[in-house]
Amino acid sequence: MTKLLAALEAGGTKFLCALGTDDGELRVQARIPTTSPAETTEKALRFFQEQQATFGEAAALGIAAFGPLDLNPRSPFYGHITSTPKPGWADTDLLGSMARAMNVPVAIDTDVNAAALAEWRWGSAKGLDSVVYMTIGTGIGGGGLLNGRPVHGLVHPEMGHILVPHDRAMDPFPGCCPFHGNCLEGLASGPAMETRWHERPELLSQDHPAWRLEAHYLALGLTTIICTLSPQRIILGGGVMKQNHLLPMIRADVVSLLNGYVQAEAILRGFDDYIVHPGLGDQAGIKGALALACSAEQGPR
Ligand code: ZN
C-alpha cells in the first residue's frame, strides 16, 4: 500500500508543491512564484490543505530548499534559511512555518542533497552508496550521499563555490559570484555565461568557444570533487546542462584532467555512465522533496 506524502521544492524564483506517493509518483502539483516568505508559505500551505481535502491526509512533508540552510537539529535555528542575499529571505524559519501548520513529520535539506536522494531512490543512482548531484543553472550547487547518507557537516556542501584555476589571459571575465568573484559559480553559472558572452547560453551555437570554456571550468570543479569525495557517480542537472553537447565535452575534459590517476572500474569503463544526466529529468527537484518526505515518514536512513 503506497503512502501519500507532501513535497515542497522551495526555490528562489518558485515554490513547487506536490502530493505524491512513496514509490516516487506525483499525484498533483502547483507552482507558486517566490515573493515574500509570509505570502509564499501561506500559498503553499493553502495548496496542501486544499489538495489533502481531495486526495487524503499526507503522512509526512519533505522540504527541498535553496540555502544556505541551518541543518543542525540541535540548533535553535534548525530549518532556517540563513545568509541568503535574496531580499527578505535571510533568517526565515521555513521549516517551522510549514511544520506548525501541517502537523506531520517534516524533513528538510538542500535542494541538491534532496535531488541526490531522489536519484538514489528512483533515478540514476539506484544501488549506489555515494553519489554527487550538481545543478548548473542560475547558480551552481552540489550535494549528495556518502555511504548512503546525505552529506552534512559543519553546515552542508557548497560545491558551487569551489575555487578553480582561472587563466585571466585566456578568460578576462572576472566572475560574478557576489562573495568570491571567480569561484566555479562565478565563472560557469548561466548568468556568468550570459555576462561574459552577452548572450543567453541557450542561444549560443554548439561550436561557440563558450562551451569549451564552460566544459573546462565544470571539469575542473568535478575533478576536485572526484578527488575529495570519491563519488561512485556524478549527476549533472540544471538549465545549462540542457545543452546536450556539453556533457560529452565535460567527460572528455575530466578524463584529461585526471590523466589516468584515479583507478576505478566505473572510470576505466568509460565516463558514459559515470557523469550522467538526471534519471528523473526536470522532476529531480520536486521528487527530491518527496524523497525527503519518505525519510521523514520512515525515519532517517
Ligand atoms: Zn562563490
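With the gyration tensor restricted to C-alpha atoms of the chain, the semi-axes of the equivalent ellipsoid amount to 33, 22, 17 Å, longest first.
Between the residues Cys183, Leu292, Gln243, the greatest Cα displacement towards the positive end of the dipole of the chain, with unit charges on the Cβ of Lys, Arg, Asp and Glu, is found for Leu292.
Test of understanding: given the chain, find the longest segment containing no GluC sites (Glu not before Pro) that are in a DSSP loop and have at most 15 other Cβ atoms within 10 Å. With a cap of 15 other Cβ atoms within 10 Å, the longest stretch comes to 58-198.
In order along the range 156-170, the phi-based Karplus estimate (6.51 cos²θ - 1.76 cosθ + 1.60, θ = phi - 60°) of 3J(HN,Hα) comes to 8, x, 10, 5, x, 9, 4, 8, 10, x, 10, 7, 5, 6, 7 Hz; Gly and Pro are listed as x.
Restricting the trypsin sites (Lys or Arg not before Pro) of the range 59-133 to loop positions (DSSP other than H, G, I, E, B) with no more than 16 neighbouring Cβ atoms within 10 Å leaves Arg74, Lys126. In the chain, taking the dipole from charged Cβ atoms about the Cα centre, the farthest positive-side position among Ser205, Gly279, Leu145 is held by Leu145. How many percent of all Cα-Cα pairs in the range 48-140 sit more than 21 Å apart? Result: 45 percent of Cα pairs exceed 21 Å. For the chain, the membrane-span-like helix rule (DSSP H, alpha carbon extent of at least 15 Å along the helix axis, mean Kyte-Doolittle at least -0.5) picks out 111-122, 209-229, 246-258, 284-298; this says nothing about an actual membrane.
Sorted ascending by nearby beta carbons within 10 Å, beginning with the fewest, Val262, Val240 become Val262, Val240.
When you restrict to C-alpha pairs under 8 Å that are six or more residues apart and normalise by the size of the chain, the relative contact order lands at 22 percent. Only beta bridges with both residues in the chain are counted; by DSSP, about 60 percent of them are antiparallel.
Each Lys and Arg contributes +1 and each Asp and Glu -1, all at the Cβ; summed about the Cα centre of the range 124-277, the dipole is approximately 240 debye. Listed from fewest to most Cβ neighbours within 10 Å, the set Asp111, Asp167, Asp129 follows the order Asp167, Asp129, Asp111. Across the alpha-carbon set of the range 128-174, the Rg to Rh ratio works out to 1.12, Rh being the Kirkwood radius. Full extension of the chain segment joining Asn147 with Asp129 gains 6.0 nm, where the gain is 0.36 nm per residue of separation less the Cα-Cα distance. Under the criterion of Cα pairs below 8 Å and six or more residues apart, the relative contact order for the range 38-116 equals 34 percent. Our Cα-only numbers for the range 107-259 put the radius of gyration and Dmax at 15.1, 46 Å. When Ile250, Ile63 are arranged by Cβ crowding within 10 Å, least crowded first, meaning fewest neighbours, the order is Ile250, Ile63.
Within the listed set Met193, Met134, Met170, the residue fluctuating most in the Gaussian network model of the chain (springs between alpha-carbon atoms under 10 angstrom) is Met170.
How much length, in nm to one decimal, is gained on full extension between Leu154 and Arg27, taken as 0.36 nm per residue of separation minus their Cα-Cα distance? The span from Leu154 to Arg27 would gain 42.1 nm if fully extended. Sorted from longest to shortest, the spans of the Cα atoms of the range 18-70 along the three principal axes equal 29, 21, 17 Å.
Can you give the helix-only mean residue ellipticity at 222 nm for the chain, where every DSSP H stretch with n ≥ 4 adds -39500 (n - 2.57) and the sum goes over all residues, rounded to the nearest 500 deg cm²/dmol? After summing the helix terms and dividing by residue count, I get -11000 deg cm²/dmol.
FYI, it's all coordinate maths here, none of it is from the lab. These numbers come from a predicted model, not from an experiment. Glycine also receives a Cβ, built like all others from the backbone with ideal geometry; neighbour counts cover every protein chain displayed.
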